[in-house]
1. Could you please find all residues in the stretch 29-57 being farther than 17 Å from Ile129 by Cα and surrounded by 13 or more Cβ atoms within 10 Å (Cβ to Cβ)?
2. Need the failing condition index for Glu94 against (1) under 17 Å from Leu197 (Cα atoms); (2) out of contact with any Pro (no Cβ under 9 Å at 6 or more places or on another chain), just the number.
3. For the stretch 1-18, give me each residue that is assigned to a loop (DSSP other than H, G, I, E, B) and either open to solvent by 100 Å² or more (accessible area, probe 1.4 Å) or in contact with a helix residue (DSSP H, G or I) (Cβ under 9 Å, 6 or more places away or on another chain) (or both).
4. From the list Ala89, Ala102, Ala60, which residue is open to solvent by less than 50 Å² (accessible area, probe 1.4 Å) and at pLDDT below 95?
5. Within the stretch 30-86, can you find the residues that are within 28 Å of Pro112 (Cα to Cα) and not in a loop (DSSP other than H, G, I, E, B)?
6. On the basis of being over 16 Å from the mean Cα position of the chain (by Cα), open to solvent by 20 Å² or more (accessible area, probe 1.4 Å) and among the charged types (D, E, K, R), does Glu152 make the cut?
7. Name the residues in the stretch 156-184 that are surrounded by fewer than 17 Cβ atoms within 10 Å (Cβ to Cβ) and without any contact (Cβ under 8 Å) to a residue 60 or more places away in the chain, would you?
8. Report the residue count in the stretch 142-190 for those that are farther than 16 Å from Lys35 by Cα and part of a loop (DSSP other than H, G, I, E, B).
Amino acid sequence: MSDAKFTTLDALGHFDRFDDAEALKRSGAFLDAMKTRHTVREFSSDPVPLEIMERCIAAAGLAPSGANHQPWFFGLVGDPDVKREIRLAAEEEERAFYGGRAGDEWLDALAPIGTDAEKPFLEKAPWLIAVFAQRRGGVEAGMDKKNYYINESVGIASGFLIAALHQAGLSVLTHTPKPMGFLNEKLGRPATEKPFLLIVAGYPVPEAKVPQHALRKKPLSDIMKVY
(Lines give C-alpha, C1' and ligand atoms only; values in the text may rest on other atoms or scores of the structure.)
Protein backbone atom coordinates (compact mmCIF):
# COMPACT_ATOMS: atom_id res chain seq x y z
CA MET A 1 0.00 0.00 0.00
CA SER A 2 1.54 3.30 -1.04
CA ASP A 3 2.03 5.97 1.61
CA ALA A 4 2.91 8.63 -0.96
CA LYS A 5 1.64 12.12 -0.28
CA PHE A 6 1.32 14.82 -2.90
CA THR A 7 0.90 18.53 -3.37
CA THR A 8 -0.17 20.30 -6.54
CA LEU A 9 1.89 22.41 -8.91
CA ASP A 10 -0.67 25.19 -8.41
CA ALA A 11 -0.03 25.17 -4.68
CA LEU A 12 3.71 25.33 -5.23
CA GLY A 13 3.37 28.13 -7.76
CA HIS A 14 6.35 26.72 -9.66
CA PHE A 15 4.87 26.21 -13.10
CA ASP A 16 3.95 28.62 -15.86
CA ARG A 17 2.51 27.35 -19.10
CA PHE A 18 3.64 29.49 -22.00
CA ASP A 19 1.89 29.86 -25.30
CA ASP A 20 3.63 28.28 -28.26
CA ALA A 21 5.26 31.51 -29.39
CA GLU A 22 6.75 32.23 -25.97
CA ALA A 23 7.88 28.63 -25.52
CA LEU A 24 9.58 28.72 -28.92
CA LYS A 25 11.28 31.98 -28.01
CA ARG A 26 12.55 30.63 -24.68
CA SER A 27 13.73 27.32 -26.07
CA GLY A 28 15.51 29.15 -28.88
CA ALA A 29 17.21 31.50 -26.42
CA PHE A 30 18.49 28.58 -24.38
CA LEU A 31 19.71 26.81 -27.52
CA ASP A 32 21.56 29.94 -28.61
CA ALA A 33 23.14 30.25 -25.17
CA MET A 34 24.33 26.65 -25.18
CA LYS A 35 25.77 27.04 -28.67
CA THR A 36 28.30 29.42 -27.12
CA ARG A 37 29.48 26.80 -24.61
CA HIS A 38 32.95 25.50 -25.49
CA THR A 39 35.37 23.37 -23.56
CA VAL A 40 38.73 25.06 -22.99
CA ARG A 41 41.91 23.99 -21.21
CA GLU A 42 43.48 27.40 -20.68
CA PHE A 43 42.07 29.15 -17.65
CA SER A 44 42.72 32.48 -16.02
CA SER A 45 43.53 32.55 -12.31
CA ASP A 46 41.03 35.41 -11.89
CA PRO A 47 38.87 34.66 -8.84
CA VAL A 48 35.24 33.64 -9.09
CA PRO A 49 33.10 34.51 -6.04
CA LEU A 50 32.14 31.54 -3.87
CA GLU A 51 28.48 32.57 -3.95
CA ILE A 52 28.35 32.05 -7.73
CA MET A 53 29.68 28.52 -7.36
CA GLU A 54 27.29 27.79 -4.51
CA ARG A 55 24.29 28.86 -6.58
CA CYS A 56 25.35 26.75 -9.55
CA ILE A 57 25.82 23.69 -7.36
CA ALA A 58 22.48 24.39 -5.68
CA ALA A 59 20.91 24.32 -9.16
CA ALA A 60 22.56 20.94 -9.81
CA GLY A 61 21.07 19.67 -6.57
CA LEU A 62 17.57 20.24 -7.98
CA ALA A 63 18.04 17.56 -10.65
CA PRO A 64 15.69 14.56 -10.69
CA SER A 65 17.05 11.35 -9.17
CA GLY A 66 16.12 7.75 -8.49
CA ALA A 67 13.64 7.62 -5.57
CA ASN A 68 14.63 11.26 -4.95
CA HIS A 69 17.68 10.02 -3.03
CA GLN A 70 19.88 12.70 -4.66
CA PRO A 71 22.93 10.40 -4.74
CA TRP A 72 25.53 13.08 -5.34
CA PHE A 73 28.14 15.07 -3.48
CA PHE A 74 30.05 18.06 -4.86
CA GLY A 75 33.51 18.72 -3.46
CA LEU A 76 34.28 22.37 -4.27
CA VAL A 77 38.03 22.90 -4.20
CA GLY A 78 39.59 26.34 -4.15
CA ASP A 79 42.54 25.77 -1.82
CA PRO A 80 45.77 26.04 -3.88
CA ASP A 81 47.51 23.27 -1.92
CA VAL A 82 44.65 20.83 -2.45
CA LYS A 83 44.44 21.73 -6.14
CA ARG A 84 48.17 21.05 -6.39
CA GLU A 85 47.76 17.64 -4.79
CA ILE A 86 44.90 16.79 -7.15
CA ARG A 87 46.95 17.87 -10.15
CA LEU A 88 49.92 15.72 -9.17
CA ALA A 89 47.72 12.67 -8.56
CA ALA A 90 45.77 13.18 -11.79
CA GLU A 91 48.92 13.60 -13.87
CA GLU A 92 50.33 10.39 -12.43
CA GLU A 93 47.30 8.51 -13.69
CA GLU A 94 47.35 10.38 -16.98
CA ARG A 95 50.98 9.47 -17.66
CA ALA A 96 50.03 5.82 -17.31
CA PHE A 97 47.00 6.40 -19.53
CA TYR A 98 48.93 8.06 -22.35
CA GLY A 99 51.85 5.69 -21.83
CA GLY A 100 49.91 2.62 -22.87
CA ARG A 101 46.94 2.00 -20.59
CA ALA A 102 44.54 3.69 -22.99
CA GLY A 103 45.32 1.65 -26.09
CA ASP A 104 45.87 2.92 -29.61
CA GLU A 105 42.21 3.30 -30.59
CA TRP A 106 41.44 5.56 -27.64
CA LEU A 107 44.54 7.65 -28.15
CA ASP A 108 43.72 8.01 -31.86
CA ALA A 109 40.26 9.30 -30.91
CA LEU A 110 41.84 11.88 -28.59
CA ALA A 111 44.49 13.03 -31.06
CA PRO A 112 42.30 15.73 -32.75
CA ILE A 113 41.61 17.24 -29.32
CA GLY A 114 45.31 17.71 -28.62
CA THR A 115 45.34 16.47 -25.03
CA ASP A 116 48.28 15.00 -23.14
CA ALA A 117 49.27 14.04 -19.60
CA GLU A 118 49.99 17.60 -18.49
CA LYS A 119 47.04 19.20 -16.64
CA PRO A 120 48.12 22.69 -15.50
CA PHE A 121 44.50 23.87 -15.52
CA LEU A 122 43.91 21.83 -12.37
CA GLU A 123 45.98 24.41 -10.52
CA LYS A 124 45.39 27.52 -12.61
CA ALA A 125 41.58 27.62 -12.59
CA PRO A 126 40.06 29.11 -9.43
CA TRP A 127 37.73 26.18 -8.76
CA LEU A 128 37.60 22.42 -9.15
CA ILE A 129 34.38 20.53 -8.51
CA ALA A 130 34.78 16.85 -7.71
CA VAL A 131 31.44 15.16 -8.36
CA PHE A 132 30.90 11.97 -6.38
CA ALA A 133 28.22 9.31 -6.90
CA GLN A 134 26.91 7.92 -3.63
CA ARG A 135 26.15 4.22 -3.46
CA ARG A 136 24.20 4.66 -0.24
CA GLY A 137 22.25 7.56 1.20
CA GLY A 138 18.66 8.71 1.10
CA VAL A 139 16.46 11.77 0.91
CA GLU A 140 18.04 13.22 4.07
CA ALA A 141 21.68 13.58 5.09
CA GLY A 142 22.89 10.74 7.30
CA MET A 143 20.57 8.09 5.88
CA ASP A 144 22.08 4.75 4.91
CA LYS A 145 19.75 3.30 2.29
CA LYS A 146 20.58 1.81 -1.09
CA ASN A 147 20.56 4.41 -3.87
CA TYR A 148 19.06 3.69 -7.28
CA TYR A 149 19.84 4.82 -10.83
CA ILE A 150 22.99 6.38 -9.45
CA ASN A 151 24.92 7.07 -12.65
CA GLU A 152 21.83 8.33 -14.45
CA SER A 153 20.96 10.67 -11.57
CA VAL A 154 24.48 12.04 -11.13
CA GLY A 155 24.84 12.46 -14.89
CA ILE A 156 21.69 14.58 -15.03
CA ALA A 157 22.85 16.67 -12.07
CA SER A 158 26.23 17.20 -13.74
CA GLY A 159 24.45 18.43 -16.86
CA PHE A 160 22.46 20.89 -14.76
CA LEU A 161 25.72 22.08 -13.21
CA ILE A 162 27.53 22.58 -16.50
CA ALA A 163 24.59 24.55 -17.91
CA ALA A 164 24.37 26.68 -14.75
CA LEU A 165 28.08 27.48 -14.82
CA HIS A 166 27.84 28.48 -18.47
CA GLN A 167 24.84 30.70 -17.73
CA ALA A 168 27.00 32.38 -15.07
CA GLY A 169 29.58 33.25 -17.73
CA LEU A 170 32.14 30.64 -16.73
CA SER A 171 34.06 28.17 -18.85
CA VAL A 172 34.10 24.52 -17.90
CA LEU A 173 36.30 21.52 -18.57
CA THR A 174 35.12 18.01 -17.71
CA HIS A 175 38.08 15.90 -16.66
CA THR A 176 37.98 12.17 -15.99
CA PRO A 177 41.38 10.69 -15.13
CA LYS A 178 41.05 6.96 -14.59
CA PRO A 179 41.06 5.74 -11.92
CA MET A 180 39.96 8.68 -9.78
CA GLY A 181 40.11 7.05 -6.36
CA PHE A 182 42.70 9.61 -5.30
CA LEU A 183 39.87 12.15 -5.01
CA ASN A 184 38.39 10.19 -2.09
CA GLU A 185 41.74 10.37 -0.35
CA LYS A 186 42.47 14.03 -1.07
CA LEU A 187 38.99 15.21 -0.10
CA GLY A 188 38.29 12.79 2.72
CA ARG A 189 35.26 11.18 1.11
CA PRO A 190 34.02 7.72 2.18
CA ALA A 191 34.46 4.52 0.18
CA THR A 192 30.70 4.46 -0.47
CA GLU A 193 31.20 7.43 -2.81
CA LYS A 194 32.67 6.89 -6.26
CA PRO A 195 34.33 9.80 -8.10
CA PHE A 196 32.16 10.48 -11.13
CA LEU A 197 33.60 13.62 -12.71
CA LEU A 198 36.11 16.38 -12.08
CA ILE A 199 34.87 19.76 -13.34
CA VAL A 200 37.28 22.65 -13.84
CA ALA A 201 35.56 26.05 -13.68
CA GLY A 202 36.68 29.61 -14.17
CA TYR A 203 37.26 32.29 -16.77
CA PRO A 204 39.19 31.44 -19.94
CA VAL A 205 42.30 33.38 -20.86
CA PRO A 206 41.71 35.70 -23.85
CA GLU A 207 43.80 33.46 -26.11
CA ALA A 208 42.13 30.20 -25.02
CA LYS A 209 41.94 27.76 -27.92
CA VAL A 210 39.05 25.51 -28.92
CA PRO A 211 39.95 22.40 -30.98
CA GLN A 212 38.29 22.57 -34.38
CA HIS A 213 37.39 18.92 -33.92
CA ALA A 214 35.24 19.90 -30.92
CA LEU A 215 33.18 22.25 -33.08
CA ARG A 216 31.87 19.36 -35.14
CA LYS A 217 28.43 18.71 -33.67
CA LYS A 218 26.02 16.20 -35.13
CA PRO A 219 22.97 17.82 -36.77
CA LEU A 220 19.56 17.33 -35.20
CA SER A 221 18.63 14.89 -37.97
CA ASP A 222 21.40 12.54 -36.77
CA ILE A 223 20.48 12.57 -33.08
CA MET A 224 16.67 12.66 -33.18
CA LYS A 225 13.84 10.85 -34.95
CA VAL A 226 10.17 11.63 -34.55
CA TYR A 227 8.06 8.47 -34.11
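The values are calculated or read from the model by the stated rules, or taken from the named source; none is laboratory data. Here the structure is a predicted model, which means the values were calculated and not measured. Here the Cβ positions follow ideal geometry from the backbone for every residue, glycine too, while neighbour counts run over all protein chains shown. Only protein heavy atoms, including side chains, enter the accessible area calculation; ligands, DNA and RNA are left aside. Shrake-Rupley method; radii C 1.70, N 1.55, O 1.52, S 1.80 Å.
1. Answer for the stretch 29-57, where residues must be farther than 17 Å from Ile129 by Cα and surrounded by 13 or more Cβ atoms within 10 Å (Cβ to Cβ): Arg37, His38.
2. It is condition (2) that Glu94 fails.
3. As a first pass, look at the stretch 1-18 and keep what is assigned to a loop (DSSP other than H, G, I, E, B): 1-8, 13-18.
Met1, Asp3, Lys5, Phe6, His14, Phe15, Asp16, Arg17, Phe18, listed by residue number.
4. Numbers: Ala89 fails: at pLDDT below 95; Ala60 fails: at pLDDT below 95.
Selected residue: Ala102, the only one of Ala89, Ala102, Ala60 that is open to solvent by less than 50 Å² (accessible area, probe 1.4 Å) and at pLDDT below 95.
5. Leu31, Asp32, Ala33, Met34, Lys35, Phe43, Lys83, Arg84, Ile86
6. no
7. Answer for the stretch 156-184, where residues must be surrounded by fewer than 17 Cβ atoms within 10 Å (Cβ to Cβ) and without any contact (Cβ under 8 Å) to a residue 60 or more places away in the chain: Gly169, Thr176, Gly181.
8. Number of matching residues: 15.
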